[in-house]
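The values are calculated or read from the model by the stated rules, or taken from the named source; none is laboratory data. Just so it is clear, the structure is predicted and the values come from calculations on it, not from any experiment. For neighbour counting, all protein chains shown are included, and Cβ atoms are generated from backbone atoms with ideal geometry for every residue, glycine included. Note: areas computed on protein heavy atoms with side chains; ligands, DNA, RNA excluded. Shrake-Rupley method; radii C 1.70, N 1.55, O 1.52, S 1.80 Å.
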Amino acid sequence: QLSGFDMALLGTPWDYTEAKDEFLARLEALEAAGVTVCNPVEVVRWNADKLYLRDLAERGAATIPTLWSEAPDAAEVEAAFAALGCDRLVVKRRVGAGAIGQECFARGQVPADWRMDQPAMIQPFLPAIQQEGELSFVFVDGVLSHALVKRAVPGEYRIQSLYGGIEAALDPAPADRAAAEAVMAMLPFARPPFYARIDMVRLPGGALAVIEA
């Protein structure tokens, strides 16, 4: 029983996205039993739904332009190309991890019967994902510990290891480090999370935008 321990440190609960409410309830029970959960349930609850990106945008963070949908279908995705001013876009689950269930479409090539039966986010595809990769900044107790760059293999855009993505240590440029630290400062908590990873991707103008936290 985890309730017999002083602290529970979250590792890699890969199935939480399929049972979010149950997962949060288990963490709440641990906290109620006096166990210190890292990160705390309030952080995990905020972070479990990518709607938090809208919260960060409202706080001033540079984010990727996003359309939020409760259950997008082909017609909604096709309309999104004009709304976002792009010819290629990505549809992601709001509650998801590892790019599972993620779709990438080109204008005019969305199957007519396509639908995602859960809350989703629609974003323009950013070429920097395939060119530079995704930059990850790891913070411990609010202080930058280290950074890495995650790159996709040729012909792929998903940077996760499940799809062949590779990671390498990164010595970030001062401006990039400052961008990640700025996002950390915008998290809506009284104190920094014990652990945080700020993932960023470069916008066409050169600035970094948070893609996930």
Discussion item. Which count do you get for residues in the range 25-48 that are part of a helix (DSSP H, G or I) and within 18 Å of the chain's Cα centre (by Cα)?
Written reply: 8
Worksheet item: For residue 161, which of the numbered conditions (1) in contact with an Asp or Glu (Cβ under 9 Å, 6 or more places away or on another chain); (2) of a type in the set (Ser, Thr, Tyr); (3) in contact (Cβ under 8 Å) with a residue 12 or more places away in the chain fails to hold?
Response: (3)
Practice prompt. Check whether at least one residue in the range 85-105 is out of contact with any Gly (no Cβ under 6 Å at 6 or more places or on another chain), more than 28 Å from residue 207 (Cβ to Cβ), at pLDDT below 95 and not aromatic (Phe, Trp, Tyr), and report yes or no.
Written response: yes
Item to complete: Return a yes/no flag: does the range 5-13 have any residue that is touching a Ser or Thr at 6+ places or on another chain (Cβ under 9 Å), assigned to a helix (DSSP H, G or I), free of Cβ contacts under 8 Å to residues at least 40 places away in the same chain and more than 24 Å from residue 160 (Cβ to Cβ).
Response: no
Practice prompt. May I ask you to list the residues in the range 1-22 that are closer than 18 Å to residue 194 by Cβ and not aliphatic (A, V, I, L, M)?
Written response: 5, 6, 11, 12, 13, 16
Discussion item. For the structure I just gave you, tell me whether residue 138 is in contact (Cβ under 8 Å) with a residue 40 or more places away in the chain, farther than 28 Å from residue 85 by Cα and either open to solvent by less than 50 Å² (accessible area, probe 1.4 Å) or in a strand (DSSP E or B) (or both).
Written reply: yes
Item to complete: Output the number of residues of the range 168-184 satisfying the condition of being outside any helix (DSSP H, G or I) and under 23 Å from residue 62 (Cβ atoms).
Response: 4
Discussion item. Only one of 196, 182, 152 is more than 25 Å from residue 37 (Cβ to Cβ), out of contact with any Asp or Glu (no Cβ under 8 Å at 6 or more places or on another chain) and touching a residue at least 24 places away in the same chain (Cβ under 8 Å). Can you tell me which?
Written reply: 182
Practice prompt. Could you list, in sequence order, all residues of the range 78-102 that are open to solvent by less than 20 Å² (accessible area, probe 1.4 Å) and under 20 Å from residue 153 (Cβ atoms)?
Written response: 90, 99
Worksheet, complete the sentence: Within the range 1-14, the residues that are under 16 Å from the mean Cα position of the chain (by Cα) and open to solvent by 90 Å² or more (accessible area, probe 1.4 Å) are 12, 14
Worksheet entry | Filter pass, residue 105 being within 26 Å of residue 9 (Cβ to Cβ) and either assigned to a strand (DSSP E or B) or open to solvent by less than 70 Å² (accessible area, probe 1.4 Å) (or both) | no
Discussion item. Condition check: over 26 Å from residue 43 (Cα atoms), charged (D, E, K, R) and at pLDDT 95 or above. Does residue 171 satisfy that?
Written reply: yes
Worksheet item: So residue 159 fits all but one of (1) among the aliphatic types (A, V, I, L, M); (2) surrounded by 13 or more Cβ atoms within 10 Å (Cβ to Cβ); (3) modelled with pLDDT of 95 or more; what number is the exception?
Response: (3)
